[in-house]
Structure formats: structure tokens, C-alpha cells
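The values are calculated or read from the model by the stated rules, or taken from the named source; none is laboratory data. It should be emphasised that the depicted structure is a prediction, and the values quoted were computed from it without experimental measurement. Methodologically, a virtual Cβ is constructed for each residue, glycine included, from the backbone with ideal geometry; neighbour enumeration extends over all protein chains shown. Ligands, DNA and RNA are stripped out before the accessible areas are found, and what is left, the full protein with its side chains, is counted by its heavy atoms. Shrake-Rupley method; radii C 1.70, N 1.55, O 1.52, S 1.80 Å.
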Protein chains: 4
Amino acid sequence: MKALVYRGPGLKAIEDRPKPEIQKPGDAIVKIEFTTICGTDLHILKGHVATCAPGRILGHEGVGVVDSVGAGVTAFRKGDRVLVSCISSCGKCEDCRRGMYSHCKTGGWILGNEIDGTQAEYVRTPHADTSLYPIPAGADDEALVMLSDILPTGFECGVLNGKVAPGSTVAIVGSGPIGLATLLTAQFYSPAQIIVIDLDDKRLEVARRFGATATINSADGQAAATVKTLTGGRGVDTAIEAVGIPATFSLCQDLVAAGGVIANIGVHGEKVDLHLERLWSHNISITTRLVDTVSTPMLLKTVQSGKIDPTRLITHRFKLGQILDAYDVFGRATETGALKVIIST
Amino acid sequence: MKALVYRGPGLKAIEDRPKPEIQKPGDAIVKIEFTTICGTDLHILKGHVATCAPGRILGHEGVGVVDSVGAGVTAFRKGDRVLVSCISSCGKCEDCRRGMYSHCKTGGWILGNEIDGTQAEYVRTPHADTSLYPIPAGADDEALVMLSDILPTGFECGVLNGKVAPGSTVAIVGSGPIGLATLLTAQFYSPAQIIVIDLDDKRLEVARRFGATATINSADGQAAATVKTLTGGRGVDTAIEAVGIPATFSLCQDLVAAGGVIANIGVHGEKVDLHLERLWSHNISITTRLVDTVSTPMLLKTVQSGKIDPTRLITHRFKLGQILDAYDVFGRATETGALKVIIST
Amino acid sequence: MKALVYRGPGLKAIEDRPKPEIQKPGDAIVKIEFTTICGTDLHILKGHVATCAPGRILGHEGVGVVDSVGAGVTAFRKGDRVLVSCISSCGKCEDCRRGMYSHCKTGGWILGNEIDGTQAEYVRTPHADTSLYPIPAGADDEALVMLSDILPTGFECGVLNGKVAPGSTVAIVGSGPIGLATLLTAQFYSPAQIIVIDLDDKRLEVARRFGATATINSADGQAAATVKTLTGGRGVDTAIEAVGIPATFSLCQDLVAAGGVIANIGVHGEKVDLHLERLWSHNISITTRLVDTVSTPMLLKTVQSGKIDPTRLITHRFKLGQILDAYDVFGRATETGALKVIIST
Amino acid sequence: MKALVYRGPGLKAIEDRPKPEIQKPGDAIVKIEFTTICGTDLHILKGHVATCAPGRILGHEGVGVVDSVGAGVTAFRKGDRVLVSCISSCGKCEDCRRGMYSHCKTGGWILGNEIDGTQAEYVRTPHADTSLYPIPAGADDEALVMLSDILPTGFECGVLNGKVAPGSTVAIVGSGPIGLATLLTAQFYSPAQIIVIDLDDKRLEVARRFGATATINSADGQAAATVKTLTGGRGVDTAIEAVGIPATFSLCQDLVAAGGVIANIGVHGEKVDLHLERLWSHNISITTRLVDTVSTPMLLKTVQSGKIDPTRLITHRFKLGQILDAYDVFGRATETGALKVIIST
């Protein structure tokens, strides 16, 4: 079968690989119909993800059809249409039972990282009963690809951790795909203000279309002052970091009001400064999280009932044979305007 | 009247000062019977608290008798025995109404800081209706002095923010008075383990007497490794920072388990490193808080029902005329073994 | 001044009454600009509210201008435009401090009940600092009248107590003004389904316009079965009782799914049957609440940011001199289609 | 093998039955070492549990050793010492994933009810990976039998649902085994008062030994008045119903303070009166729950760390061959003083 394979820092290729097989009773083999590329895949390609070895098929998002299941799988059978979660969860270990699937003892984020992923014609998914989700009749497949990772990530790490609430004020630092997914799901809770901050005016324009009540280009160093003005001098109840570098985390510390939350989503490569000499008395919380995908069933219901339209995040479409082009377009997002790209098999 | 006055960095004196008078309708004048010294008073004396000007009477803790009240005070009258909260709260502003009294627009921590405090024969307390608490009949006055600041601080900033729970694991970094107050109040929730970490073996000995299930002298740099061993490799559910320096906050980052909380209590004078390059995916929370004293009524009930004995924190007693000696003993705690000192008028 | 006075069961009159005066330091006198009539006023007129004696000026909702304040009032002064909350809250007692203003020891629902109310040219409001809310510049006065009672009641007693959440299923039993206010505020949380149940098709038509995803006329006794069908056999996560009679509370018990909530809003005049022989094992909660109006600041923000338009509840407008007509129209709501009537002075 | 078999209303017998066998991949066969009798077993014997057919081996509590496992079981193997939960949980269905194991689509309370139970030499346990718990080295087996049902029931349905908190006031209506288990676990949260109410002075004497701060014999009809006196006229924050009849549920409605919770544990056989004509405005919650056993891991930690000694609930010990005697002693608890009886194989 065709697959996109990581070949070491800077290197990737479309290769012909054997179709995966059931290895454990809980496995399923899923024939992929739609997949996508994540910013994390670009991290891997830069050599920043130590757990991902050369030779690995990338991809941790997708929608498809169950091709076969192991002896222990009870919830799915051949022919079922399924959403593949980016997080594999055994459902049995202490962390799974407390809803922290991301730290499952035999799962977590392993697809397209420690085991072969979804940018291929077929994928083997461990713990299938608790890591796949049935696709409701009449669902829009492309929309559901957004539920593999990006929507639960924005929602859980940003919106839920950030305690977004009716009438509250929110700042989202970073207007890339993950910031925009956060923007869309934050609106579930009807905050009074959602201020989106970025350096790219085109992305800020998208943010306004997606529901931002204000946008700020932070190039001039005045973002914090502007947010203070917009919030009557208080700062925001929720500051969401959706970039992953020291400068943006630092900005969040300048934006957050006393009693507020800084919800980190960004994947950070280095330590940051935390200004406890100022914040120790500000009654704030800072949260971190690798998405658990516990909200996937809830998000499915919001999509099915029309409360959110995730296809707004999709800007480009490719066939699996063109996936190198898809990587190129997605990697040059500033120029191409790419948010999420859909790859169909 | 006699009062302990801050005279600039390194300087303090007992002075004779006029008895305070009602200035606003919400004020009360309280005749102090018992007060104490806080670590924060030592900070002021080092010149670290910019809001506290020379000439200020120090002290933000105490128990006494209402001497007079302003025209707007309805909950108290002359002769009532009262606990003075370290936090003044108007009860009306948005922050007070959401329970964040520490950020009251016209209150917060002002006693012995922005206005004259309790280390004197009399004190003027603003917002008396919502900043004093009636002392129940039969209460132990000295015990209640511990409810002005240290017990609510340990409980709110450490135990509540840290989400201490039955069966959970807790590490308290710092075994001074505030760490020990945290240790005492953490036991309200029956955690399975409370590990106290300090550099002073005498204080660790006190911690064991106060209910620590294990203590660690961190001088050898092995504290994190020892905690991991004690917790089956996981780290603790709650790491409480009760010192206020970069090294101890750093240690907390090494102790906390995935899904856990770092609850900061310490007053920090400089920024710290936050290792988001490791913690971004660990599903942790970090909390900061200036005590709100919202828990004072609850704590009064626990003291009155014998669930906690705060007098265990009291090691020395002085008369107000000897308060310079009291400062000396409290300031050389390592030698003297002082925890809290009671000063009676 | 002109006022609408309760004269005993079935009796009311417009009378000329002296303008109220400050009685306590915390009082304010508010010149009413807009008020409205509540279903509770009709209860009083039927003689069902024992605390309301003949001679009482009715009304507990309104918007106006501060005319004078007592010596203890610090947050407001003559000329301030204010929203009058239906709940008076001292801000000092134990219940106020825990956010249960409805049970304030010297307040609660007293306006137009135990003391004279707002259906008059002027009203005396006790505990003004914590029972009035400043009106933001540019606000729509009529919209804000809906924040005195009906919106916080629907939101606190129905939506918050009912734990409405993104993707969840909600049934609202009763499509009168309070049910519709609940319907509007439930949408703050983006539930997947809001099913409104009533006996009046015209009101159900309004419910559909206001955002109900389905409506059921329960006249045929099939409402529970229909709800089961609409929810895949499960029942709803949240069943909201907005009528106040045994039959509707009984229906809620048939609608609620295992793990769900029955949130009672209705004012009940008699006991109801609770089917614990069935529900003991269903992991449900039943909540009751007299509105606390703790959410008023939050609701003001949602109105000001355009997340909700409360004027949709307003169907008729009268001058104070025509208030008997207003009562007539409001009292014959089935025929007149009245929801909320605005009375201007 | 020997087993205690339900033979229809009023009838039970020790019979010789074939050893159970693995039927599904998720099953385990556990050799029972210790089991016990539950009040629910007496309900079954009265013919009150329609789901339990004659011929059924009773019992849903126990500790033993894994004898064999199905092909899909990964967490346990032959020889592992395990605690058998009274609730079987697949860990996969929507209700399991939200922590409501009691409503598992293919589990819930089935042991000794819909399938053969633990009062036998061997038992087949479905969904073994998520329904058995490993026994820590050095644990007291008899203590852990109390974790199969009675401790999580008291803790989840009474203490957690009832929101017991430091300094709060609690009334437990019913001083049988389940009321006493609630009493023991309520102390995890250090409430100020725990008032236990019963008709049996001997059981009240036990309650005092187990930590009740006051006990009331309700025979004279003055229980509610006495509780009001003990709580300064307020009533209790938490009223726990641990009997299951209309009179005790009615009493709870008289005990609960405004803002409080009635947490129902009792198994009810008929409807009860709910006095909404009084309670609609009291801001209370009423909760029901079939135990989910989500707290079993937490409770194991509290037992292992010595925060609770469940063996205090054990009054009698029998061999499996004497189980008819055990039923007799347990069934005549008023005379025999029986709380929990241990049956060893």
C-alpha cells in the first residue's frame, strides 16, 4: 500500500509498504478514506520528536472503514465507518479511567509516532474499542477528520482548561489552525470577547471571519496594552497560548487578569520565564495538556447538531498520491493560506 | 498607644502613637489583645515591599475587642470580640462578590502595609462588617490568631488550590510556619501521603509530629528521586511550594505527577524557569494566590469542632512591650525553633 | 406618587402614595423608568403569597435613576442609572458571602412582597450597594428590565443548576416567559437539542422562533415517549420544570436520562410525588432554587456583547397609568400572546 | 462447588454446582476466599428484585485469586489476588467512559443478580480488566471485602454526592451497615458535625464509637427539632438517607438547610412525597445513585495508608459451609448486633 514515510530530519517519501496486520486482540485495521497533516508532523520532520524513528509512517488523524478486527474487539466490526482518534486509549489503566487518555500506559499519542500512522491506505489501531468512534449516519466525513485531533485539542487544552464562560473575555495568542480551532470551540460558551493575536494579517482576517470580536497584530509590541484597553484595564479571564515559544507565553502573562487562567496548547521546545515575582499574588492558574480526546463524543454531538462547522478549517484537498504537494502547501502556510488540508485515498 | 513601627529597611521601633479614629462609616476600631509576626513583616523590614512606607505600624493578624464602629457598621458593636482578617474586603466590588477578596478594589492586604496594622494597642479596620469575624463563645483566642492569615493561607493557596483529596499524594516544599499550616490543613482531606521537604532537620522533625508521612532533607539533591520512589515512580498529585525561591519552585516541577497540581504559596522576588519543553504535555496546573480568607468561616468551624489545633504552631509568647525580642526570636527561627510567636497586649 | 397596590386576594388599585424616604444608611431611592409584571405578582393577587400583606406596592423588577442614597451607600449616587435586582442582598451575612443572596438574612425577595416594590414612580431599595447594578453606557433599558428577575431566574435555576453543556440534550417543560428565558440562556452553552414542551401551540411556535430544536404539545400524553424517541431512547441530560404543578414535575421524572438533572424553576403550591422506587438507582439530581441573581454581572456582559437579545421577550408596552390594562393583558396571556410587558413611567 | 442459591421468595439453599467457565474473552474465573452478605441479598430473598431469577447464586462482594482468564484479559492472570467489584464495567460504553459504571450497557450490578455471584467457591466475572482490582501486597483481605460494595456505596452515594466538606454539618439517617460505612468515609472530609439518627439505641452506640458527634433516637418524633437545635437553627448541609422508606426520606427534607443536599442511598420500594411547596425556594439538591465504584482505587489508597479501618464493620465470621447461619445472624441484626459478616471458603 502507499504510505508517507518519515526518513529522518528533513526527509520524507511516498513508499510502498505492506498492508498492516492485526497484532493484538484489541487491534483493528482501518482502511483510511480521509486523513490530514498536523503541525506536529512538521515538528517530526524537523527531527524534534525523539520518539519518532526514521521509517515511520506519519499521520494521527483520519476517517475510514474497519477492514478487520482482533479477537478482543467487541464494539466494531468489518465495514463500520470510524473516526480514528489521535490518542490511543486502553480504557483500563488508572490514567484512562480518570479520563487522562493522553497518558495511557500502553497508548497515548503513539499513532504516526511510535507506531505507523494514518497517512497511508491502511492503519493498524491498537485499543480499537476505546480509540475509534462510530461515524453517525449522514455525517460529513471531512468535517469529522477535524475531530481526530485539532478540535479536541483546541477545546480541551484551550477552552475547557481555560474555563471559557458566558460573558467572559478570552485572548487567543496564535491564529494558526490550532488557534482557529480554539476560536471556533470557544464560541460554545458565548464569551463576551474573543481577541485573537498574531503577526500575520491574513490569518487575523480569517479569525475575524471565524468569530473573533477583535484582532491584534502584535508586531508593534503593543498587544498587551491594547488588550488592557479592550478589557477596561483588567486583562482577560482566559489567555490561550497556541504557538509554543517563549515570546507568546510571555505575552499571555501580560494579558491575563487577576483570577484568570493561562491555558497552554503550544508544543514548547525550550523553557520559558515565569514571572512569579509579579504573578504570585494574582490568583491565576496555568494549565498544560496533551489532548486526551475525552471530548470526542461531545464534539461529535455538536457537529451533528450543527453547533459548529469544522469544514471551515479546510482550505485544500489532495489525493494520497499528491501528499508531498500537500506537505508543501501546508508547510508554506503563510504564503498559501493553508489551514487544514484534506488528503483522500 | 504603644506600636511597632517600620522605620525603613532594617529599622523598626516601639513608638508611642495616637489611638486611631474612625475615618469612614465602615470602619471599626479594635483593641488588640493578641497579635503575631508574619514572615511578610520580615520582608517589609528588608525593604522588599514597596507599598509599605516608613512610619507604618506593622501587623495584619490579631484578635481583640471592638472599641467603636462607624455609622455604616451593622454587624458589630462595641464590646464584640473579633478576629481581624489579614485581608480587608468591601464585600461589594466585583472581585469581592466572586470571592477574590485579596483583590478588593478598596481593600486586599492593606493592614500593616498601606495603612497602620495590628502590632499596636488599637487598630482601625476598614470594611469592618466584612473583614472582622465574631469569635464564638468559649474559643481559644491564641488559636484564632492563627486564623488571621497563616491557616487560610496554607489552606486556600496550598490545600484548596492544590486539590488535596482522600488517598492522594502531597509534597510540601518548605517546613516553615506556612508549610506547617499547610500540613495541618491538608489533613482535612485525608491524603494517603504528605511528604515534607526542607533543609532543616529540626523543622522536619516538627513536620513528622504534625502528621507528615515522610520527610526529606533536600540538601543532597536527591529529593525528587526520593519522592518518585515513595510514589511508585509517579510523582505527587499535589506539589506545594511554601518557600518562594527559584530552586524550590524548580523542585516542584520535578515532583509533580502527570495530571497533578503545583500550588504556589511562596512570595517570590524574582522570575523562575518554567520547563514547558517537558511539562507542556503533562496535563498539570500551576496556581498562584494571595490568600482571600474566604475560608475563614469554614476554618472557624473546624477549630471549634476540634478537627484542628492551631495552637500547635505557637512556640513563644511575649508582651507587646517585648515585641522587639519577639522579632528577634522569630527572625532567628532556625536557631530558636520559632514557628509562630504570640504577642499579647 | 402613582403606585399599583395589592388590596387583598383578587384586588388591586392604582393609588397615590407618598414618595418613599431613606430609612437606613444602606438604602437608596430609585426613580423608576421602566418596570414589568411577573407571574409571581399574579400569585400574590390570588392570595397565595402569605408574606405579602394588603396595602403593598407590587413589583420587583425595574430600571431607573438614583434619586438619593443613605449615608452608608458608597457605590452609587444621585443620577446614576441602575438596574434594580429582584433580590436584595446585604453582602455581609453568611449566605450572601457564599453567593446565596436569595437567603440573605435581611434581604432576599422582599421588594414588592415584604416591602413596597417597583410598580410605582419611586422605590426604596435596601442594601443598595449590593442590590443595584450600574447600567453601562449605551445599554437598552428595556432589555435590562429582563435582568431584574426573569433572565437570572431562567439562567440560574434552570441552565446553571441543570448543567446545560455543549452537545447535551435539554427539555424545558413550560413555554411561558420563564421557560422562554431559560430557552434563550440555555443557548449560551450550545446544547445539541432543546426540546420545549407545553400545551399551547402558539407558545410552542414562539419557542421554535427562540431556538427550540423541537417542540411537543403534551396534550396527548405522549410527551415522554416522543422525547425518548428524539434522544435515541435515553431521555434528556437536563429536564427543566418551568410550570410549578405536580403533573409537569412528574413529566420531568419521565424525561430525565440516567445521570441527568431535573432543575426545578416552578413555584409549587403543593407537594409532588417523587418516584424513588424507580429513580433511586438512576444517578440523577433534582435541584431547587430561588434565584440569587449572582449571575447578573455575567448576564449584563452577555447582553452588552450581543450574545442574547432579551427584548425578544417583550410583547406589549404600557404607561404606568395604564398598568391595570397591563395586568389584564399579562393575565390573559393565552389569548393575548403576552410574554413580558414593559411599563414606563 | 458449594454455592448459596436463591430458590424463590423466602427460599435459599447450599447446593453443589459446577465450577463456572470462561464464556467470553473478557471473563475471568476467580476462586473466592472471602465474601459477605449485603442487605440487597435480603431484598432478593424477599422477592423484591425482579431481575434475579430463582436458581441464581447470590453475592456481589468478595476477594479471591484469579483461576483463569479469557483471551481478551490483559490486566490479570492466574494467581493474581483480586478484589471483585459489585459493579461490572466494560470500560468502553458511553456511560463507563463518563464514570457511570453502574449503567454500563453490558454490566452494572449483574453479579449475584442477573448472573451467578460470589457466595460460592468460584465466580465468573465479566469485563475482568475493568471490574477486578489488584490487591496490594500486605493488604488485609477482610478489610478489602468491604471495598466491593459497602464502602464505595456509602462514599459515592452519600459522602461525594452529599458534598461533605471540612467544617460542614452532616446528618445520616439510618445507622445500619451502609449508614456506618457512610459515617466512616464522611470523616475523610473533616466535617464539624456528623449526627446519626436511628431507632435502635445499640446501633447509635456503635455510631458514637465510629465517630458520630451526636446521635438521635428518632422514636419520639423530635429528630428534626433536635437537629435544628444542634445546628443553630439552620439544619444540616448534608442529609444522607440510608434506609429507603418514605418516613426517612421525609425526615431528610426536614433536616436539610437551605443550600444543602439530600443524598439518597436507600433502595426504595415505593414513591415518596417531595415537599416542593416548601423546598422550591430552598436551593437544595437531591441526589440518587447506584454505586459506580469509580472510587475503588481511591478507597484502596485510603485503606492502605491507614486513613480508615474497614474491619470495624465486621462483627461475625463464618465458613462457606455455614452460610445459612451467616444469613440468619445477618438477617436478625437488631438482635445479633451484626453489621457485616465475613464468609471464608
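Each Lys and Arg Cβ is given +1 and each Asp and Glu Cβ -1; about its Cα centre, the protein assembly as shown then shows a dipole of about 0 debye.
Can you classify the stretch B:1-128 as rounded, prolate or oblate using the Cα gyration tensor, where a ≥ b ≥ c are the square roots of its eigenvalues, rounded means a/c under 1.5, and otherwise it's prolate if a/b beats b/c and oblate if not? Note, shape of the stretch B:1-128 comes out oblate.
Of the GluC sites (Glu not before Pro) found in the stretch B:1-98, those that fall in a DSSP loop while having at most 16 other beta-carbon atoms within 10 Å are B:E21.
Across chain D, C-alpha contacts under 8 Å between residues 6 or more apart give a mean separation that, scaled by the residue count, equals a relative contact order of 17 percent.
Shown in residue order for the stretch B:127-144 are the 3J(HN,Hα) couplings computed by the Karplus curve 6.51 cos²θ - 1.76 cosθ + 1.60 at θ = phi - 60°: 6, 4, 4, 10, 10, 10, 10, x, 8, x, 4, x, 6, 8, 4, 4, 4, 6 Hz (x for Gly and Pro).
Compute the long axis of helix C:177-186 from its Cα atoms, compare it with the longest principal axis of the Cα atoms of chain C, and write down the angle in degrees, 0 to 90, nearest 10. The angle comes out near 70 degrees.
Rolling a 1.4 Å probe over the protein heavy atoms of the protein assembly as shown, with every protein chain left in place, gives an accessible area that is 52 percent carbon and sulfur. The stretch D:92-163 and the stretch B:57-102 have Cα centres lying 50 Å from one another.
All distinct Cα pairs of the stretch C:284-345 go into the 1/r average, and the inverse of that average, the Kirkwood radius, is 14.1 Å. Relative to the globular-protein estimate of 2.2 N^0.38 Å, the Cα radius of gyration of the protein assembly as shown stands at 0.94. Taking amide H as placed 1.01 Å from N in the peptide plane, B:A257 has its amide H under 5 Å from the amide H of B:V236, B:D237, each at least 5 places away in sequence or on another chain. In sequence order, the stretch D:23-32 has phi-based couplings of 10, 10, x, x, 6, 10, 9, 10, 7, 6 Hz under the Karplus curve 6.51 cos²θ - 1.76 cosθ + 1.60, θ = phi - 60°, and Gly or Pro positions carry x.
Considering the stretch A:161-204, its Cα convex hull presents a mean projected area of 2.8 nm². Only Lys, Arg, Asp and Glu carry charge here, each on its Cβ (+1 for the first two, -1 for the last two); on that basis the stretch A:243-296 has a dipole of about 80 debye about its Cα centre. With Cα atoms as the point set, the radius of gyration and Dmax of the stretch D:223-306 evaluate to 15.1, 47 Å. When chain C is treated as a GNM with alpha-carbon contacts under 10 Å, the residue of C:I44, C:I195, C:I286 showing the greatest mean-square fluctuation is C:I286.
Shape summary: the stretch B:191-345 maps onto an equivalent ellipsoid whose semi-axes, from the alpha-carbon gyration tensor, are 31, 19, 17 Å in decreasing order. Ranking B:V66, C:V294 from most to least accessible surface, computed with a 1.4 Å probe over the protein chains only, gives C:V294, B:V66. Considering the stretch C:118-190, its Cα convex hull presents a mean projected area of 6.6 nm². Our summary of shape: the Cα atoms of chain B have principal axis extents of 59, 41, 38 Å, ordered from largest down, in whole angstrom. Between D:L42, D:L144, D:L58, the Gaussian network model of chain D with springs among Cα atoms under 10 angstrom shows the greatest mean-square fluctuation at D:L42. Expressed as a fraction of 2.2 N^0.38 Å, the C-alpha radius of gyration for the stretch B:76-235 is 1.24. Is the shape of the stretch A:147-231 best called rounded, prolate or oblate, per the rule: a/c under 1.5 gives rounded, else a/b larger than b/c gives prolate, else oblate, with a ≥ b ≥ c the square roots of the Cα gyration tensor eigenvalues? The shape class here is oblate. In the stretch D:78-156, the C-alpha radius of gyration followed by the widest Cα-Cα span (Dmax) gives 12.6, 35 angstrom. Accessible surface for chain B, divided over its residues, is 34 Å² per residue with a 1.4 Å probe.
Relative contact order of the stretch D:1-88, taken over Cα pairs closer than 8 Å and 6 or more residues apart, is 32 percent. Per residue, the convex hull spanned by the Cα atoms of the stretch D:37-85 measures out at 107 cubic angstrom. Measuring heavy-atom accessible area with a 1.4 angstrom probe and counting protein chains only, the residues of the stretch A:64-92 that give up at least 40 Å² relative to the chain alone are A:K92. Sorted shortest first, the separations between the A:L42 label point and its copies elsewhere in the assembly read 5.1, 6.0, 6.9 nm; each point sits 7 Å from Cα along the Cα-to-Cβ line. Estimated purely from DSSP H runs of n ≥ 4, each contributing -39500 (n - 2.57), the mean residue ellipticity at 222 nm for the protein assembly as shown is -6000 deg cm²/dmol once divided by its residues.
Taking amide H as placed 1.01 Å from N in the peptide plane, the amide H of D:A263 sits under 5 Å from that of D:A239, D:I240, D:E241, D:T287, each at least 5 places away or on another chain.
Calculated on the Cα set of the stretch A:11-57, radius of gyration then Dmax: 13.2, 35 Å. 3J(HN,Hα) along the stretch A:329-345, derived from phi through the Karplus expression 6.51 cos²θ - 1.76 cosθ + 1.60 where θ = phi - 60°, amounts to 5, 5, x, 9, 4, 4, 6, 8, x, 5, 10, 10, 10, 9, 10, 10, 9 Hz, with x in place of Gly and Pro.
Tell me: how much accessible area in total is hidden between A and B, 1.4 Å probe, Å², nearest 100?
3100
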